[in-house]
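Colleague: The structure is given below, and queries will be raised subsequently.
Values in this text are rule-based calculations from the coordinates and carry no lab data. Small disclaimer: the values here were computed from a predicted structure and weren't measured. When we count neighbours, we look across all protein chains shown, and the Cβ atoms used for this are built from the backbone with ideal geometry, even at glycine.
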There are 2 protein chains.
Amino acid sequence: MEAKKEKEMVVNGVNVGQLFGTIDQIKIQPDIAEFKFRATNEWVSGTHSRATVKDFYGALREDDSRRPVVFDLDEPPILLGQDQGTNPVEYLLVALSGCLTTSLVAHASAKGIKIRKVQSRYEGDIDLRGFLGISEDVPVGYQRIRVFFKIDADLSDEEKQELVRTAQKYSPVFNTITKSAPVSVLWEK
Amino acid sequence: MEAKKEKEMVVNGVNVGQLFGTIDQIKIQPDIAEFKFRATNEWVSGTHSRATVKDFYGALREDDSRRPVVFDLDEPPILLGQDQGTNPVEYLLVALSGCLTTSLVAHASAKGIKIRKVQSRYEGDIDLRGFLGISEDVPVGYQRIRVFFKIDADLSDEEKQELVRTAQKYSPVFNTITKSAPVSVLWEK
């Protein structure tokens, strides 16, 4: 009986009981929902740098319990690098991919929709004349990004399309990219 | 003499000769500058997914020569995950960190400015009431991101500030986030 109860509360690996409990808590005390995420970066050489992710702030406290995770960033030789890591604009697609996927699965789980498989692919266009300062008319960032989802679940086409719309609506990375966010860059002595 | 010549062409590990050669080529044939970057993602369970980066298109050809790099994305337990990877909004900061750093170093190198050290840190604010659908008034994405740079180089304060401004101006990830980019999300049968 206890096992059955637990099974009912977890959908697609998402603890829906915890999810609804969190939502109830936040409605009473909204500042629980304020999170700060962080990274640091140290330049190595040329186009190679190394980023570290460890602590964050959320639910009214600092969390320093995670082990640090280190990411190498570099460019392929054609872009002046030595391929010591994935490049920054590729990391942006990685971020978008995880965020849309989590958003899709979390919101489906909250509705009790069972999902067997979610696959997606990402492609973004960049014209390097922006980065290289060759043309002021060319956007420096991604001109557009295309995403394609495949979902394996007992759902109609319309229901799958609705899931993909929901994923976009609630994905923090999708919304940061499509609606923009202010970034202040300061220099410290 | 040959060694000296080579040394003069590489500044901060950036092959400035190759950089200027690329700029000259692009001025003659602008479509060399059109790049497409890609990622794929496969959901694992709950908030855990796995992204892969491998091929890209650029300089008029497909490049499939790199080995695939796999990234795990998950959430900490407080955000319904099991800490099987860094979370998507943290990956966004990783992307931003590498891009601003590379932009800073590449543009400094093109001007012949020698740099000893570049360190930076990133913090972004997210109110989860957006993701959780508790409030329509709260932005779903980052509300703001703060970046702090430390640069070790024989430069005046004004010159360091100018470098940080240049880094922002030419960074593709910075410009994608601050100016937004359209993302089309389609569902495939």
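Colleague: How many Cβ atoms of partner chains, on average, are near each residue of A:15-27 if near means within 10 Å of its Cβ?
Modeller: 3
Colleague: Amide H to amide H, which residues 5 or more places from residue A:142 or on other chains are under 5 Å from it, using H placed in the peptide plane?
Modeller: Long-range HN contacts for residue A:142: B:176.
Colleague: Based on Cα positions only, what radius of gyration and what Dmax would you give for the stretch A:1-80, in angstroms?
Modeller: 19.7, 61
Colleague: How far, in whole Å, is the nearest Cβ of chain A from the axis relating it by rotation to chain B, and which residue carries it?
Modeller: Closest Cβ to the A-to-B rotation axis, residue and whole-Å distance: A:180, 2.
Colleague: All other residues with a Cβ under 15 Å from the Cβ of residue B:37 taken together, and with Lys, Arg as +1 and Asp, Glu as -1, what is their net charge?
Modeller: After counting each charged neighbour, the total is -4.
Colleague: Does anyone have the angle between helix B:16-28 and the longest principal axis of chain B? Alpha-carbon axes, 0 to 90°, nearest 10?
Modeller: For helix B:16-28, the angle is close to 80 degrees.
Colleague: Another question, if that's okay. Which cross-chain or sequence-distant (5 or more) residues have an amide H under 5 Å from the amide H of residue B:155, H modelled 1.01 Å from N in plane?
Modeller: Placed amide hydrogens put nothing under 5 Å from residue B:155.
Colleague: Now, a different point. If you take the beta carbon distance between residue B:184 and residue B:153 as r and set R0 to 41 Å, what does 1/(1 + (r/R0)^6) give as a FRET efficiency, to the nearest 0.05?
Modeller: Here the calculated transfer efficiency is 0.45.
Colleague: Where does each of B:121, B:116 land when they are ranked from fewest to most other beta-carbon atoms within 10 angstrom?
Modeller: By the 10 Å Cβ count, ascending: B:116, B:121.
Colleague: List, in order, the whole-Hz ³J(HN,Hα) value for each residue of the stretch B:29-44 obtained from phi through the Karplus relation with A = 6.51, B = -1.76, C = 1.60 and θ = phi - 60°; use x for Gly and Pro.
Modeller: Computed from phi, the couplings for the stretch B:29-44 are 10, x, 6, 4, 7, 7, 10, 10, 10, 9, 8, 10, 9, 10, 5, 9 Hz.
Colleague: In addition: Pairs A:189/B:114; A:111/B:36; A:189/B:54; A:189/B:36; A:189/B:111: which are spaced more than 28 Å apart, C-alpha to C-alpha?
Modeller: The pairs that break the limit, which is 28 Å between Cα atoms, are A:111/B:36; A:189/B:54; A:189/B:36.
Colleague: Could you please rank B:69, B:147, placing first whichever residue has the fewest other Cβ atoms within 10 Å of its Cβ?
Modeller: B:69, B:147
Colleague: Now, a different point. From Cα pairs below 8 angstrom and at least 6 apart in sequence, can you work out the relative contact order of chain A, rounded to a whole percent?
Modeller: Reported relative contact order: 15 percent.
Colleague: Okay, moving on. Can you give the Rg and Dmax of the stretch A:70-135 based on its C-alpha atoms, in angstrom?
Modeller: Over the stretch A:70-135's Cα set, Rg and Dmax evaluate to 16.9, 52 Å.
Colleague: Using only the Cα atoms of the protein assembly as shown, what semi-axes does the equivalent ellipsoid have when each is the square root of 5 times a gyration tensor eigenvalue? Give whole Å, largest first.
Modeller: 38, 23, 17
Colleague: Can you give me the C-alpha center-to-center distance between the stretch A:9-64 and the stretch B:145-183, rounded to a whole angstrom?
Modeller: 25 Å
Colleague: Please report, for residue B:31, the nm distances (one decimal) from its label point, 7 Å out from Cα along the beta-carbon direction, to the equivalent points in the remaining copies, shortest first.
Modeller: Result for residue B:31, in nm, nearest copy first: 5.8.
Colleague: Ok, one more. Can you list, shortest first and in nm, the gaps between the label point of residue B:169 and those of its counterparts in the other copies, using a point 7 Å from Cα in the C-beta direction?
Modeller: Distances between equivalent label points, in nm: 4.2.
Colleague: Then there is this: Kindly state, as a whole number, the per residue volume in cubic angstrom of the convex hull around the alpha carbon atoms of chain B.
Modeller: For chain B, the hull spanned by Cα atoms encloses 193 Å³ per residue.
Colleague: Out of residues 5 or more away from residue B:187 or on other chains, whose amide H comes under 5 Å of its own, with H placed 1.01 Å from N in the peptide plane?
Modeller: Correct list: A:149.
Colleague: Follow-up. What is the sum of charges around residue A:176, taking Lys and Arg as +1, Asp and Glu as -1, for the other residues whose C-beta is under 13 Å from the C-beta of residue A:176?
Modeller: 0
Colleague: Quick one: label points 7 angstrom along Cα→Cβ at residue A:158, distances to the other copies in nm, smallest first?
Modeller: In ascending order, 6.6 nm.
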